[in-house]
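Notes to accompany the following structure.
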Amino acid sequence: MTGKRFTEEAWASTEAIRAEIEKLPFLQQLEDGSLPRATFEHYMGQDALYLTEYARALAACAVQSTDPEHIMFWSRAAAGAIEEERALHATHVVDFSAVQPSPTTVAYTSYELALVSAGSLPVLAASVLPCFWIYDDVGTRLKARVGTLDGHPYADWISAYGDPEFHELTEAAKQVVDELAETASEQTRAAMHAAYRRASQYEWMFWDSAHRQERWPVG
């Protein structure tokens with residue numbers, strides 16, 4: 001063991017990925033308000049589909065946990081993901097029945113659900129952490145740079161992920177993952193790092209594919 005917490009190592013090891021996320025046209029245009037509404041609505045539709053499956057992964061973390069505090073955390077997080085999907089997304093997506101998952105959405109959710117089936121709670125937990133942490137990081141910095149959100153076309157999104165309550169939820173998720181890593185073998189800890197990194201890559205891919213309004217090439 002290095003003596004560092006898992007989350008410290010994971011954050012440092014994905015610095016290059018986060019730097020690329022910062023450059024994404026989707027986030028740059030969302031920040032200055034120039035992101036086309038159709039692009040944002042496409043993203044929100046995909047995000048709603050993602051969050052439904054993400055909530056399943058969070059619920060699986062609760063099922064696989066033995067620590068009562070961890071069970072409560074994952075259960076509440078799963079419920080919160082569904083609440084977010086229903087609240088924020090419903091204001092931007094007119095017809096959910098018309099939304100079909102993009103290749104990237106299918107790939108990302110399939111990856112996490114495959115880890116559910118694999119049965120390693122620490123690895124699964126590491127894979128769901130970037131969705132908390134990267135959104136918290138991006139949202140907090142966007143909110144600070146934008147300043148006043150009065151009249152901003154995407155104020156509700158920036159407010160949701162730049163909210164101190166979401167930051168507290170993220171910190172709680174980090175603590176749970178660190179606790180799981182403390183008792184993990186070196187092999188499991190390495191698998192946790194691989195899962196965290198892969199999910200971070202998918203976060204980049206998700207925003208990139210949304211900006212391109214990715215569709216299936218054949219159908």
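Computed from phi, the 3J(HN,Hα) profile of the range 34-39 under the Karplus parametrisation 6.51, -1.76, 1.60 (θ = phi - 60°) reads 8, 4, x, 4, 5, 5 Hz, with x in place of Gly and Pro. In the range 6-211, Cα pairs under 8 Å separated by at least six residues give a relative contact order of 34 percent.
Highest mobility in the GNM of the chain, judged by mean-square fluctuation with C-alpha springs under 10 Å and restricted to Pro68, Pro130, Pro25, is found for Pro68. Shape class for the range 1-147, computed from the alpha carbon gyration tensor (a ≥ b ≥ c): oblate, with a/c not under 1.5 and a/b at or below b/c.
Close amide H partners of Leu35, meaning residues 5 or more places away or on another chain with modelled amide H under 5 Å apart, are Leu30. Sequence-ordered 3J(HN,Hα) estimates for the range 197-212 from the Karplus curve with 6.51, -1.76 and 1.60 and θ = phi - 60° stand at 5, 4, 5, 5, 4, 5, 4, 4, 4, 5, 5, 5, 5, 5, 5, 7 Hz, glycine and proline given as x. Once the Cα-Cα distance is subtracted from the 0.36 nm per residue extended length, the Asp208 to Asp67 segment shows a gain of 47.1 nm.
Here the relative contact order of the range 1-109, from alpha carbon pairs under 8 Å that lie six or more residues apart, stands at 29 percent. Between Ala38 and Asp150, the modelled labels are 3.3 nm apart [label points 7 Å from Cα along Cα→Cβ]. Within the same chain, lysines fewer than 8 places from Lys143 are excluded, and of the rest, those with a Cα less than 18 Å from its Cα are Lys23. Round to the nearest 0.05 the FRET efficiency obtained for Glu182 and Ala12 when R0 = 22 Å and r is the Cβ-Cβ distance. My answer for the efficiency is 0.75. Shape class for the range 7-51: oblate, because the ratio a/c of the largest to smallest gyration tensor axis (alpha-carbon atoms, square roots of eigenvalues) is 1.5 or more and b/c is at least a/b. With each label modelled as a point 7 angstrom along the Cα→C-beta vector, the Ser75-Phe96 pair spans 2.3 nm. Looking at the range 22-95, the trypsin sites (Lys or Arg not before Pro) that sit in a DSSP loop and have at most 14 other Cβ atoms within 10 Å of their own Cβ are Lys23. Rounded to whole numbers, the Karplus 3J(HN,Hα) couplings from phi for the range 53-65 are 6, 4, 4, 5, 5, 5, 5, 5, 4, 5, 4, 7, 7 Hz, using 6.51 cos²θ - 1.76 cosθ + 1.60 with θ = phi - 60°, and x at Gly and Pro. The Glu22 and Ala160 beta-carbon pair, evaluated with R₀ = 22 Å, returns a calculated FRET efficiency of approximately 0.70.
Every number in this text was worked out from the coordinates using simple rules, so none of it is lab data. Remember, predicted model here, so these are calculated numbers, not experimental data. Don't worry about glycine lacking a Cβ; one is built from the backbone with ideal geometry, like all the others, and counts go over all protein chains shown.
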